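Inspection log for the structure reproduced underneath, given as structure tokens.
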Amino acid sequence: MTTIKHTTTLTQRPAWQALEHHYREHKDIHLRKLFADDPRRGERLTVEAAGLYFDYSKNRITEETVRLLVRLAEECGLPERIEAMFRGDKINLTENRSVLHVALRAPRNRQILVDGVDVVPQVHGVLDRMALFSDQIRTGQWTGYTGKRIRNVINIGIGGSDLGPAMAYEALRHYSERDLTFRFIANVDGTDFEEATRDLDAEETLFIVSSKTFTTLETMTNAHIARVWCLRKLGHEAAVARHFVAVSTNAEEVSKFGIDTANMFGFWDWVGGRYSMDSAIGLSTMIAIGPENFRALLAGFHAIDEHFRTAPLEKNLPVLMGLLTIWYNNFFGAQTVAVLPYDQYLKRFPAYLQQLTMESNGKRVTFEGVHVDYQTSPIYWGEPGTNGQHSFYQLIHQGTKLIPCDFIGFCRSLNPLGNHHDILMANLFAQSEALAFGKPASDVQAEGSPDWLVPHRTFGGNRPSSTILAERLTPETLGKLVALYEHSVFTQGVIWNIDSFDQWGVELGKVLAKQIIPELESASEPQPRHDSSTNALIRRYRMLR
Ligand code: G6Q
């Protein structure tokens with residue numbers, strides 16, 4: 001059991017105070033100067049880990065900044081906290097749980113104990129069953145109730161039971177079985193269900209009901225309607241066993257729903273929803289890309305886990321990413337981070353990261369329940385390049401806000417087409433260059449721009465970014481990328497002394513919705529008992545529904 005001793009508040013730590021002083025001294029230094037003073041900066045301020053190249057030279061830092069940030073991480077006990085996580089300590093204190101997504105990708109010969117029990121054999125047991133099932137679907141050996149081959153796989157889940165699988169399917173579509181159709185239903189909005197199923201034949205459709213608790217309102221509502229949809233065509237209850245499988249930790253509820261627990265793939269309470277895409281929650285991913293590719297994905301995760309656990313902090317890629325976020329968030333007052341993947345397959349990656357980062361670190365009290373006197377998670381957002389360039393990049397280049405950017409690119413395209421890829425990557429490199437160095441007024445004047453237009457056409461530069469460059473988007477690379485952000489989030493949470501693994505903030509709305517549902521459905525028009533705004537909205541809705 002880890003006890004977290006934070007007798008000193010973060011802002012009183014010597015390293016924090018040194019960073020504040022350092023910030024005041026250095027905040028106005030321009031990247032132009034930093035690069036001019038050190039011609040090798042762009043090669044020196046880089047780290048390579050498990051084949052990922054991380055260039056952080058275009059950040060508003062010096063070596064002293066990194067030294068102080070690393071000192072802060074040490075003062076906050078980051079190395080010990082990393083060890084505690086990997087050891088299976090119950091570091092999710094408010095839920096009294098271990099946090100062991102790293103066990104999901106541990107090789108068979110590893111041992112990781114939770115309450116004295118080695119969980120690695122259990123993990124591999126489930127992976128083996130998933131592989132068997134995936135192969136049966138992919139080869140057509142598993143048929144629907146009427147004997148037809150399964151051609152459509154629909155994952156029903158929400159939050160952590162949706163975003164990971166949906167992102168991974170898009171990201172790895174290149175590797176997917178193209179004869180199968182994959183869809184994802186999350187929202188408790190009939191539209192999501194209707195549009196996902198309208199052109200599908202129930203005889204050829206498999207539903208994966210993914211829910212850790214198997215009680216989530218949205219998921220269960222969708223799962224029940226899926227059953228109705230399926231039985232309307234197939235007629236017999238017995239069809240459920242051929243068309244529904246479950247991914248859950250709750251065998252009792254799964255069985256109550258009518259899914260044979262032989263067709264249930266389990267995981268454990270030490271896997272947080274937003275950290276679960278590499279557990280059985282990834283069943284749709286495995287069916288799409290095949291067991292071998294899924295294992296490569298896990299190997300990618302594991303490679304970064306090992307790096308995170310063993311590399312010195314100053315050369316530790318996720319640690320550096322996390323610390324840079326602290327630097328801008330807590331010292332420069334930056335409120336957001338833009339994640340800009342230059343790869344169409346990663347179009348859902350920013351949405352996935354939004355949950356990972358903001359549900360993890362969107363907290364306002366420390367482990368001890370004390371209100372923080374510093375900022376916690378920034379807002380993460382982004383879109384794939386180059387699309388974003390033609391919309392919001394204007395603000396990043398010339399707006400009044402400081403927005404640190406993560407650029408992500410690959411040296412080889414999965415779809416080489418003419419010179420598309422060179423154009424794409426030229427844009428990535430050009431954006432980070434333009435952000436860092438800008439275009440001074442003197443250059444604009446020298447081009448003969450009329451004086452009145454000069455301020456409009458001037459780029460101040462000094463806008464920070466990091467670039468992650470990998471060879472190719474493979475299952476393994478995707479695993480590495482996700483693990484990178486998982487551990488960066490962990491690093492930030494340790495510095496802020498918050499529980500990155502609970503999510504109490506999502507509870508209140510759920511409770512209130514349950515109270516309101518009968519008020520909307522009631523025929524007798526009871527007087528809603530809320531505030532005047534909520535009452536008026538409910539009355540109007542009832543009138544017009
Ligand atoms: C993630 C959260 C949350 C969760 C969903 C779905 O970390 O806990 O997004 O994944 O609420 O929960 P179930 O899997 O239990 O349906």
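The values are calculated or read from the model by the stated rules, or taken from the named source; none is laboratory data. Predicted model, so just to flag it, every value in this text is computed and none were measured. All Cβ positions, glycine included, derive from the backbone under ideal geometry; neighbour counts span all protein chains shown. Side chains included, ligands, DNA and RNA excluded: accessible areas come from the protein's heavy atoms. Shrake-Rupley method; radii C 1.70, N 1.55, O 1.52, S 1.80 Å.
A few remarks follow.
- Sites Val506 and Arg529 - FRET efficiency at Förster radius 22 Å, r taken between beta-carbons, to 0.05: 0.40
- Under the span-like rule (Cα at least 27 Å along the axis, Kyte-Doolittle mean at least -0.5), DSSP H helices of the chain: 120-139, 291-310, 475-496
- Unit Cα scatterers, Debye sum, segment 172-305: log10 I(q)/I(0) for q = 0.18, 0.21 Å⁻¹: -1.11, -1.41
- Between Ile423 and Lys256, the C-beta separation translates, for a Förster distance of 41 Å, into a calculated FRET efficiency of about 0.15.
- Gain on full stretching of the segment that runs from Gln17 to Ser413 - 0.36 nm per residue minus C-alpha separation: 138.0 nm
- Cα-Cα separations in segment 1-132 greater than 18 Å, expressed as whole percent: 70
- Fraction of accessible area attributable to carbon and sulfur, segment 1-83 (%, probe 1.4 Å): 49
- Taking all protein chains into account, the per residue accessible area for the chain stands at 43 Å² (1.4 Å probe).
- Here the Karplus relation 6.51 cos²θ - 1.76 cosθ + 1.60, evaluated at θ = phi - 60°, turns the backbone of segment 34-41 into coupling constants of 4, 6, 5, 6, 9, x, 9, 3 Hz, with x for every Gly and Pro.
- Derived scalar couplings ³J(HN,Hα) [segment 369-384; Karplus, 6.51 cos²θ - 1.76 cosθ + 1.60; whole Hz; x for Gly, Pro]: x, 8, 4, 6, 10, 8, 6, 10, 3, x, 8, 9, 7, x, 8, x
- Translational D in µm²/s for segment 68-138 (Stokes-Einstein at 37 °C, 0.692 mPa s, Kirkwood Rh from C-alpha pairs): 232
- Cα centroid of segment 404-420 to Cα centroid of segment 146-175, whole Å: 25
- Partner lysines for Lys58 [C-alpha distance under 16 Å; skip if fewer than 8 residues away on the same chain]: Lys27, Lys33, Lys439
- Over all distinct Cα-Cα pairs of segment 46-91, the Kirkwood formula returns a hydrodynamic radius of 12.7 Å.
- Within the chain, helix-based [θ] at 222 nm, where runs of 4 or more DSSP H residues each add -39,500 (n - 2.57), nearest 500: -13500 deg cm²/dmol
- Counting only DSSP beta bridges whose two residues both lie in segment 284-427, roughly 10 percent are antiparallel.
- Cα-based radius of gyration for the chain, normalised by 2.2 N^0.38 Å, reads 1.04.
- Gain on full stretching of the segment that runs from Lys148 to Asp373 - 0.36 nm per residue minus C-alpha separation: 74.9 nm
- Ranked by the mean number of other Cβ atoms within 10 Å of their residues, highest first, the peptides 271-283, 181-193 fall in the order 271-283, 181-193.
- Pairwise FRET efficiency - Lys233 versus His26, Cβ, R0 = 60 Å, nearest 0.05: 0.35
- 5 angstrom amide H check on Leu180, placed H, neighbours 5+ away: none
- Taking N as its residue count, the alpha carbon Rg of segment 162-203 over 2.2 N^0.38 Å: 1.27
- 28 Å Cα-Cα reach of Lys256 towards lysines, excluding residues that sit fewer than 8 places from it in its own chain: Lys148, Lys212, Lys233, Lys510, Lys514
- Long-range HN-HN contacts of Val114 with modeled amide H, under 5 Å: Val119
- Of all beta bridges that DSSP places with both ends in the chain, some 30 percent have antiparallel geometry.
- Stretching the chain fully between Glu471 and Asp189 yields a gain of 97.5 nm (0.36 nm per residue, less the alpha carbon separation).
- Close amide H pairs (under 5 Å, H built 1.01 Å from N) link Phe267 with Ser248, Thr249, residues at least 5 positions away or on another chain.
- Taking 7 Å steps out from each Cα toward its Cβ at Asn387 and Thr46 produces label points 3.0 nm apart.
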